[in-house]
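The values are calculated or read from the model by the stated rules, or taken from the named source; none is laboratory data. Bear in mind the structure is a predicted one, so any value in this text is a computation, not a measurement. Note that we place each Cβ from the backbone using ideal geometry, even for glycine, and neighbour counts take in every protein chain shown. Note: areas computed on protein heavy atoms with side chains; ligands, DNA, RNA excluded. Shrake-Rupley method; radii C 1.70, N 1.55, O 1.52, S 1.80 Å.
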Amino acid sequence: MAMKSPREMNPLSAGCRAISIPEMGFAAVASLEGMDSVETTDTTVTGASKSTKGGVVAWTNSMSTMHLGFLADLVASGARTSSGFKTCHYNQCAKFLNDHFKLSLTGEQCSNHLKKWRKIWGRLVQLKNLSGALWDEDTSTIRLSDKHYAGHCANNKSDIPFLNNPIEHYRAMETIFGSTTASGKYAKSGNDPFSIDVDDESEMQTSPNVGESSAKAPPKKKAKLVHIEDDPLVTTLKDGFKMMADAIAKSGVDDDAIPDNLWDALAALKGFDEDHVAHYYAHLVDNPKTAKAFMTLKLESKLVWLGRYVHKTFGVLYNLK
């Protein structure tokens, strides 16, 4: 029985006009000139791929790079509609991959593969919004402190590839899922989670964040840290705690403290019997508030206070003139 060609198996939709394949402008395609064909196993594309349902596909990192790059270029060129990619777009993507890797992928398999990356994008948006997370724009890295990283990954091991490591294919995902429209190569736009849970049983995936290339890693760049603003409620609570702490500190001041140089101030008042002065000193020590007020007086007023006390206590009247 004669085998049908991929074009016969996957005709373009009658209602979709043909679109020229955009120039290969995505990052990884520049290195494809030195690539031959992807190493595949006997399960890469099974005989079931001849049907419209598609077979089991082992997507390699190189295949994912070309797949996302092709669709990102369609978005950047404005070919994608507001409702998303059409069947003809997935069929063209499949043909593009088949021509390079000598496979027999279908448009449906390309569509299913994109669902996987949509799910990953939704998780990335959640991780970027973690409390204390910093975003490194230069390397597309979500950075957490060592303590925060260890605590988070202990209960979320599936997030390990996306934290404190450059996120592979981030720019392509941002272009495809970040907005329904884009202009220019990999146009940047707002974050739209698109966090749809999809079970892709028709695919056998390799790790999305582990590349096949043995090329040297790019040199490290200084992180461009973007600080996440504090929640208004948290800021209000912090201010309230600070005011309470200041009040407690002020209330902790000893009101019974005796003013410095109190005795020296009394000894400087000439003309009084030393016993009377000592008695008044003891009176001031027993009454710290009176002692503090006494220390604020002028010399003449201090003489009046001391003379009044001696007259009231001992009946002795001093001539203060």
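Values as computed for the structure displayed
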{"item": "Probe 1.4 Å, all protein chains present, accessible-area order of VAL56, VAL304, largest first", "result": "VAL304, VAL56"}
{"item": "Sequence ranges 149-157, 305-313, ranked by mean other-Cβ count within 10 angstrom, highest first", "result": "305-313, 149-157"}
{"item": "Contour minus Cα-Cα distance for SER301 and GLU137 (0.36 nm per residue)", "result": "51.8 nm"}
{"item": "Relative packing of 131-141, 292-302, which averages over residues the other C-beta atoms within 10 Å, highest first", "result": "131-141, 292-302"}
{"item": "Segments 257-263, 68-74 sorted - mean Cβ within 10 Å per residue, highest first", "result": "68-74, 257-263"}
{"item": "Accessible area per residue, Å², region 93-174 with all protein chains present, probe 1.4 Å", "result": "42"}
